[in-house]
1. Could you tell me the ratio Rg/Rh of the stretch B:1-237? Both radii from Cα atoms, Rh via Kirkwood.
2. Just want the answer: with Cβ charges of +1 for Lys and Arg and -1 for Asp and Glu, which residue in B:LEU155, B:GLY20, B:LEU42 is farthest toward the dipole's positive end in the stretch B:1-237?
3. With Cβ to Cβ distances under 12 Å as the rule, what net charge do the other residues near B:ALA416 carry (K, R +1; D, E -1)?
4. Rg and Dmax of the protein assembly as shown, using alpha carbons, in Å: what are they?
5. Across peptide B:454-465, what mean number of C-beta atoms from other chains lies inside 10 Å of a residue's C-beta?
6. Using only the Cα atoms of the stretch B:445-570, construct the convex hull and provide its projected area averaged over every direction, in square nanometres to one decimal.
7. Can you grab the distance from the C-alpha centre of the stretch B:382-416 to the C-alpha centre of the stretch B:336-378, Å, no decimals?
8. Distance between the C-alpha centers of the stretch B:203-263 and the stretch A:1-73? Whole Å please.
Amino acid sequence: MKDKANANKEYNRDHPHWLDNKRNINRIIYALYLICTALFFSDFFYHKHVSFSFESWFGFYAVYGFIMCVGLVIGAKLMRIILMRREDYYDSDS
Amino acid sequence: MIAIAEFLLPLNPGLWLIIGAFVAILLPQSLSRWFAIIFPILLIPFLLSLNFGNHGTVSFLNYQLETFRLDALSRIFGLIFLIASALGNLYAVGDVVDKLQRCAALTYAGGALAAVFAGDMITLFIFFEIAAVASVFLIWARRTQKAFSAGMRYLIVQIGAGVILLTGLLVHFSATGSIDFNKIGLHAPGGILIILAFGIKAAFPLFHNWLQDAYPEATISGTVILSGFTTKLAIYALARSYPGTDLLIWIGAIMTAFPIFYAVIENDLRRVLAYSLNNQLGFMVVGIGIGTEMALNGTISHAFCHILYKALLFMSMGAVLLRTGTCNGSDLGGLFKTMPWSTSFCIIGAASISGFPLFSGFISKSMILTAVSAEGYWGVWLVLLFASAGVFHHSGIKIPYFAFFAHDSGLRPKEAPWTMLLAMFIAAVLCVGIGVYPAPLYAMLPYVVEYQPYTAYHVINQLQLLMFSALAFTVLMLTKIYPPELHSTNLDTDWFYRRGIKSLIVWGAQNTIAFNKFCYGIASKSVSELIDNVKQLSAEPGILSRTPALGSSVAWISALLLIILLLILY
């Protein structure tokens, strides 16, 4: 295990990549925050062609996308309690 | 001879492909693999050069079989099937497949293609089943016990659906006298059976699990090829025979939503893709249910784009499986360093399925959503919007993230073979090409497209939905709420036939044995008691040991006859 970790370190030292740097990953995350903020407030600047009244609420798509995705993950996590079994659960069948 | 030639030429391109499958067996291995790529490509100009209409009408047992109907709907499905077949076979060169698998791949694509061009239900049925039988060899070719069992289950479901289709078409034929493969509708005789058969093949909710069960067990290139045909053929058949059926709107909406929950917790990334395939089919089923010109255009173009980006995603995961021997999210990560091309192509596929502007999914899926909102189904529209965000979440982010980034697994595999990379490259170019310039695709659709995907509000709204979905992923990851990838099996409907029925049979058998023992116990006890009694009676001076006199017997018989006589008289 330790050898593997060392080999990894050596490989990363020999093949540097900008994604190895934690600061660059943080930069990506900050860029995402910035883009989201910009998109959220862009609702001021264009005309929506709505089919349903709720579509015209300010930031509807952004809020809906965020809340539903959090809901999706939490729902799926709860499903694990009931549905998750060992990986070899069905192996005795075959 | 001339009469036969007039009947058969131009021959259904699917039949050409099936003939090609046998040629591929006869050719030496080095030629055969290139033949399997070039032959479908050669059929594309042949297909596009033909005029619309019924070619190849054949009389068979007093039926007029329309073996080759070419119209706008069948042409576009035929075209994408040929492209998918060529790409799949190109990818398979890198997987070093044997001739059996190549023959199965061509026969499968040929069967599906021939079914698309079927003008009557008998031809449709025959080629649908040829495709079903040929496809199972792509699963069995993996040659593991698990793949064999999964293939068996897959085959039973496919043939079962075929039997239902046959029953439906017989009921329909006996009531209407028609075998035409046109609009049928739920209320036609046999209509429910036929939609059920198509529904099983299109992986409707509760009938869906054959897909997630079998596809990830197939060979590396087998899964890529399987992902293209069976379900899309079912979508084609539904679009042909059940457009505007309200029931499909609700079925489709459920189909878009529930598989994505499974996709979030599934560890095998090819199985995650199988769940998201199911979700994408849901969008198409909703479009068929809405049934307006825009909705059907949306469904058909979405099927076209979907085959390409789904194949691309399966290709990239296949490359990972080939090079690392696993496709489990829990064991992968950090592969972007040594597989940069596969990573890039995977991200293009992910952006396409998520419907990012400038990628293919955007110009097709948005048409379905607009058609749904035009008909005022706000509930369904909200479900589809949720599913769109969810697709990005589990296919768009999860697949590339856990395979190529996430934590460093320490795996340093080689990049995929060049033929695989070339297949991925072509698929990626098509995904971006269609997204940037959708006009040629729109021009091939059955109805005139008056839809403009690239408007400011449309692009901004889609970006808001997707970027906030990405934000949710990031926040959940940073707060460690996101469920980790775990080695696990998640129960789905296949539990009922893999465990439920089995347990029932075992329980039944055990009880039968117990009951049998119980009865045997009683019976043997009473028989031995009977034997004891007879023994006692037979022994001196028991009643049975006496020798009765002849006279008394005669008296007994006379008495019996007298009783019978009295009974007859009264």
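1. 0.97
2. B:LEU155
3. 0
4. Rg, Dmax (Cα atoms, Å): 31.8, 124.
5. Going residue by residue through B:454-465 and averaging, the value is 6.
6. Over all viewing directions, the stretch B:445-570 projects a mean Cα-hull area of 28.7 nm².
7. Distance between centres, Cα-based: 13 Å.
8. 30 Å
Quick note: the coordinates plus some simple rules give every number you see, no bench work behind them. Because the structure is a prediction, the values reported are computed rather than measured. Quick reminder, even Gly has a Cβ in these numbers, built from the backbone with ideal geometry, and neighbours come from all protein chains shown.
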